Amino acid sequence: MKLSDHCFDLKIGDDGLYIHLALFYYEDHLILVDTGYAGQLPQIQEAIEYEGFSLQDLKTIILTHQDHDHIGNAKALRQKTGAKICCFEAEAPYINGTLIPEKIAALANRPHLSSVEEERLAMLKETYEEIKVPVDELLQDGQVIEGLKVIATPGHTAGHICLYHPSEQILVAGDALGAANKKLTGPNPVYTADKPLAYQSLAKLLDYPIEIVITAHGGIVKGDIHPQLQALINASLAAGTLGH
Ligand SMILES: [Zn+2]
């Protein structure tokens, strides 16, 4: 069985913003990559049912990284379906509550916070307490999990991964790449912890033939993927971002 589309869009508020998740069918079950913001579970269920499946067909959830907009419903889905949670080994402590997530720590470590930032920090901490989730399986670079190859792409966060589907040549990029006007963009500079490392990670993706990229915040990009990747890497080199 094949899904009509591996990418589905979860609406965020009323501002026309979406987050894009990826769904794959493997043997007799579904694999979901990333889970959106907390509270979006009904939208996930709707998308899965639209494809002709039920939530109970979900057996595996792979998280590309620790950020709230990616792990938001992992705990709720695990409780509801028994699906196992998988992520890169270096990312697990930030997802299961052992370490403070990078973006919360970065904000908390700033010498001075405005009242708006204080509020944001408190909200992030409170949400994290609700959504942190045990990780059932630790993934390693190069491992193939249920038909998807794990590619370690640190930079956006320390343990960010992309997933690659070889037969359909689909790359699920998480936040390693963005997209605008159906073209790839580099990782969002505001939210990417280590930009030089993030661009070094992009160079790794050139090893794979890619037809389709699913980005979490820009949706699908098709065609000319390698030239686009190379152009982003070259621009970063020219700007000195990819220095050693
Ligand atoms: Zn994100």
_Condition first: under 20 Å from TYR128 (Cα atoms), without any contact (Cβ under 8 Å) to a residue 60 or more places away in the chain and assigned to a loop (DSSP other than H, G, I, E, B). Now tell me which residues in segment 25-43 satisfy that._
THR35, GLY36, TYR37, GLY39, GLN40
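Which residue out of ALA180, ALA198, ALA173, ALA158 is within 16 Å of the ligand (Cβ to nearest atom) and surrounded by fewer than 17 Cβ atoms within 10 Å (Cβ to Cβ)? Walk me through how you get there before you give the answer.
On the way: ALA198 fails: surrounded by fewer than 17 Cβ atoms within 10 Å (Cβ to Cβ); ALA173 fails: surrounded by fewer than 17 Cβ atoms within 10 Å (Cβ to Cβ); ALA158 fails: surrounded by fewer than 17 Cβ atoms within 10 Å (Cβ to Cβ).
Matching residue, one of ALA180, ALA198, ALA173, ALA158: ALA180.
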*If you check every pair at least six apart or on different chains, which have Cβ atoms under 9 Å apart with a residue in segment 65-78 that is free of Cβ contacts under 8 Å to residues at least 60 places away in the same chain and outside any helix (DSSP H, G or I) first and a residue that is open to solvent by 10 Å² or more (accessible area, probe 1.4 Å) and among the hydroxyl-bearing types (Ser, Thr, Tyr) second?*
GLY72/TYR37; GLY72/THR127; ASN73/TYR37
*Could you figure out which of (1) within 13 Å of the ligand (Cβ to nearest atom); (2) under 21 Å from LEU21 (Cβ atoms) isn't true of VAL190?*
(2)
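Let's see how each residue does on (1) more than 23 Å from GLY218 (Cβ to Cβ); (2) of a type in the set (A, V, I, L, M, F, W, C):
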site: PHE24; (1), (2): no, yes
site: GLY36; (1), (2): no, no
site: GLY39; (1), (2): no, no
site: ILE44; (1), (2): no, yes
site: GLU51; (1), (2): no, no
site: LEU55; (1), (2): yes, yes
site: ILE62; (1), (2): no, yes
site: ASP67; (1), (2): no, no
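Among the strands (runs of 3 or more DSSP E) confined wholly to segment 140-244, which include 1 or more residues that are touching an Asp or Glu at 6+ places or on another chain (Cβ under 9 Å) and touching a residue at least 60 places away in the same chain (Cβ under 8 Å)? First the steps, then the outcome.
Details: elements: 148-152, 161-165, 170-174, 178-180, 183-185, 212-215, 219-222.
Because the criterion is at least 1 residues that are touching an Asp or Glu at 6+ places or on another chain (Cβ under 9 Å) and touching a residue at least 60 places away in the same chain (Cβ under 8 Å), the strands (runs of 3 or more DSSP E) in segment 140-244 that meet it are 148-152, 161-165, 170-174, 212-215, 219-222.
Within segment 144-154, can one find any residue that is within 18 Å of VAL213 (Cβ to Cβ), more than 16 Å from the ligand (Cβ to nearest atom) and basic (Lys, Arg)? If you could, list the steps in order and put the result at the bottom.
Taking segment 144-154 as the starting set, the residues that turn out to be within 18 Å of VAL213 (Cβ to Cβ) are 147-153.
Pick out the ones that are also more than 16 Å from the ligand (Cβ to nearest atom) and you get 147-152.
Those left that are additionally basic (Lys, Arg): 149.
For segment 144-154, residues within 18 Å of VAL213 (Cβ to Cβ), more than 16 Å from the ligand (Cβ to nearest atom) and basic (Lys, Arg): present.
Listed here are the residues, each with its yes/no results for (1) more than 17 Å from ASP5 (Cβ to Cβ); (2) of a type outside the set (A, V, I, L, M).
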| position | (1), (2) |
| --- | --- |
| GLU46 | no, yes |
| GLU49 | no, yes |
| THR64 | yes, yes |
| THR81 | yes, yes |
| CYS86 | yes, yes |
| ALA90 | yes, no |
*Can you spot a residue in segment 100-119 that is open to solvent by 60 Å² or more (accessible area, probe 1.4 Å), over 16 Å from ASP175 (Cβ atoms) and within 20 Å of the chain's Cα centre (by Cα)?*
yes
*asked:* Quick check on segment 217-235. Is at least one of its residues open to solvent by 40 Å² or more (accessible area, probe 1.4 Å), among the aliphatic types (A, V, I, L, M) and at pLDDT 95 or above?
replied: yes
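The values are calculated or read from the model by the stated rules, or taken from the named source; none is laboratory data. Since the model is a prediction, treat every value here as computed from it, not as a measurement. Virtual Cβ from ideal backbone geometry, glycine too; neighbours counted across all protein chains shown. Quick note on the areas: whole protein, heavy atoms, side chains included, nothing else; ligands and nucleic acids left out. Shrake-Rupley method; radii C 1.70, N 1.55, O 1.52, S 1.80 Å.
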